[in-house]
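Down below is the structure, laid out as structure tokens.
The values are calculated or read from the model by the stated rules, or taken from the named source; none is laboratory data. Nothing here was measured: the structure is a model prediction, and the numbers come from that model. Cβ: placed from backbone, ideal geometry, glycine included. Neighbour counts: every protein chain shown. These area figures cover heavy atoms from the full protein model, side chains too; ligands, DNA and RNA do not enter into them. Shrake-Rupley method; radii C 1.70, N 1.55, O 1.52, S 1.80 Å.
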Amino acid sequence: MAELLSLATALARVLERVTPLDSEAVPIGEAAGRVLAEDARAFVDLPPFPSSAMDGFAVRSEDTPGRLPIVARIAAGVPAPRALERGEAMAIATGGVVPTGADAVIPIEYVVEHDNSVEIADHVGEGDNIRPRGGDIRSGDVVVSSGTRLAAAQIGALAAAGLDRVSCARRPRVAVLTTGTELRSPGEPLGPGEIYEANGVLLATTLASAGAAVELLPAVTDDEASHREALERGLRADVLVTSGGVSVGPHDLVRRVLAGLGVEEVFWGVAVKPGKPLAFGVHDRTLVFGLPGNPVSTLVGAELFVRPALLALQGAAEPGPVFVQGRLAAAVRRNEQRDELVRARRRGSNGGVVLEPVTGQESHMIARAAAADALVLSPRGQGELAAGESVSYLPLG
Ligand code: AMP
Ligand code: MG
């Protein structure tokens, strides 16, 4: 293996090979997790009219305090039949159109209502409890900007601003191929030397959460012919992700077969633990990731490299990985040569997030990793990170 690339260099090499995908119109009800390809602009002023923030009475502030006749009752969606005149009040519901002539709403809790009049004891300030037209956003202004990944708040905003569909990057088509003669599907009996295939569904799950349309190819045994056939098929996708067979053993065939299919290998080997023998290449516009087969290596490689690549393909403004700060609950010994991603469990505390490394940090220990919801970055170097030390971590979905 040539010299190992640092995490940052390897990620930069991946991202510089990304060409953003085309866009398509997506109904907002289906747009969760999609990345906006153009600024989305409000179709209306929001609110579209001066609206009442409270259940109460619309009045002229100069008429308060006072006892005023109730001349109309305004429900949400049912505007008043006429303007409010001097000396009048109109009952109004939250979200009702404040009638012309009124400049304030007094909440129902602050008045005494008689049969057809209302007694207001205090002065009401001009503008009180009125949400002005366009106070949230103006028609034509940007509600959600290009490159934003859409979640509940953005989708709600798009709907409120009157947009029924938005332009999003199309989903990257991702082919996932697992390799290994020893692999059996869960649900089948295991023969001697066999193990259950874990990485296919692991990758399908995590990459779908990054917006991918995943095609999970049937696992292949460690022979060149079946590798070639499956990899050739996988290269038709926007992204091909393989697991296993990228190390130095005689049965590690992925890199050799990819080279034979014309894939340009951009790098092989990253100074990261787990996941060192990760390979990355390109074939036309297809990005190819060869992840090592140990399930935790696959998980880490997917989070550090494949997810950011998928988000970048979709034009995300921040493809990540976005590390955040927390504190270690226990000391962690550093690796001298490689940055290590330590599986840890997050706990909230008054002082912020505390990260408890799980026991069992070897790269095959996927069951131990199941107790973790964070990858703590332990930068390569000597000695240890002390308990209580501030560290960067990557939250896991
Ligand atoms: P490899 O990268 O092919 O050398 O595989 C490294 C280790 O991961 C070996 O112990 C494999 O049996 C195991 N492994 C490879 N692929 C998978 C998979 N899809 N699911 C579970 N374990 C795997
Ligand atoms: Mg293998």
So, with +1 on the Cβ of K and R and -1 on the Cβ of D and E, and no other charges, what is the size of the charge dipole of segment 324-395 about its Cα centre, to the nearest 20 debye? 120 debye
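Nothing charged except the Cβ atoms of Lys and Arg (+1) and of Asp and Glu (-1): what's the magnitude of the dipole of the chain about its Cα centre? Round to the nearest 20 debye. Mind showing how you got there, number by number?
Details: 37 positive and 49 negative charges, 184 e Å.
So the magnitude is around 880 debye.
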Projecting the Cα atoms of G352, M90, V220 onto the charge dipole of the chain, where Lys and Arg contribute +1 and Asp and Glu -1 at Cβ, the residue farthest towards the positive end is V220
Accessible surface, 1.4 Å probe, highest first, among residues Y393, Y196: Y196, Y393
Suppose each label sits 7 Å from its Cα in the direction of the beta carbon; what would the H123-E318 distance come out to in nanometres? 4.6 nm
For segment 244-270 and segment 295-355, compute the distance between their C-alpha centroids and round to whole Å. 26 Å
Once amide hydrogens are built 1.01 Å from N within the peptide plane, the residues lying 5 or more places from S146 or on another chain with amide H under 5 Å from its amide H are D39, A40
Could you compute the FRET efficiency for R233 and S139, with r as their C-beta to C-beta distance and R0 at 41 Å, rounded to 0.05? 0.25
Given the C-alpha centroids of segment 56-88 and segment 1-29, what is the distance between them in whole angstrom? 59 Å
With the charge dipole of segment 324-395 built from beta-carbon charges (+1 for Lys and Arg, -1 for Asp and Glu) about the Cα centre, the Cα from P379, H364, G326 projecting farthest to the positive end belongs to G326
Say R0 is 56 Å: what FRET efficiency, to the nearest 0.05, do Y110 and S390 get from their beta-carbon distance? 0.65
Between A12 and S61, what length comes free when the chain is fully extended (0.36 nm per residue of separation minus the Cα-Cα distance, one decimal in nm)? 11.5 nm
Per residue value of the accessible surface for the chain (all protein chains in place, 1.4 Å probe), Å²: 47 Å²
Pairwise label distance in nanometres, D223 with R86, each label 7 Å out on the Cα-Cβ vector: 9.9 nm
For a quick check of understanding: with a 1.4 angstrom probe and all protein chains in place, what accessible area in square angstrom does I108 have, to the nearest ten? 80 Å²
What full-extension length gain, to one decimal in nm, is calculated for S167 and A53 as 0.36 nm per residue of separation minus the Cα-Cα distance? 37.7 nm
Inter-label distance for Q382 and R73, nm, one decimal - labels placed 7 Å from Cα along Cα-to-Cβ: 8.2 nm
So what is the calculated 222 nm ellipticity per residue for the chain, using -39500 (n - 2.57) for each DSSP H run with n of 4 or more, over all residues, to the nearest 500 deg cm²/dmol? -4500 deg cm²/dmol
Solvent-accessible area, 1.4 Å probe, carbon plus sulfur percent, for segment 51-131: 49 percent
Looking only at P65, P274, P379, which one moves most when the chain is put into a Gaussian network model with springs between Cα atoms under 10 Å? P65
From the residues S209, V176, V282, which one has its Cα farthest along the dipole of segment 167-307 in the positive direction, the dipole being from +1 and -1 charges on Cβ of Lys/Arg and Asp/Glu about the Cα centre? S209
Are there GluC sites (Glu not before Pro) in segment 73-182 that DSSP puts in a loop and that have at most 14 other Cβ atoms within 10 Å, and which ones? E85, E126
Indicate the gyration tensor shape class of segment 324-395 (rounded, prolate or oblate), computed on the Cα atoms with a ≥ b ≥ c the square roots of the eigenvalues: a/c under 1.5 is rounded; otherwise a/b larger than b/c is prolate and the rest oblate. oblate
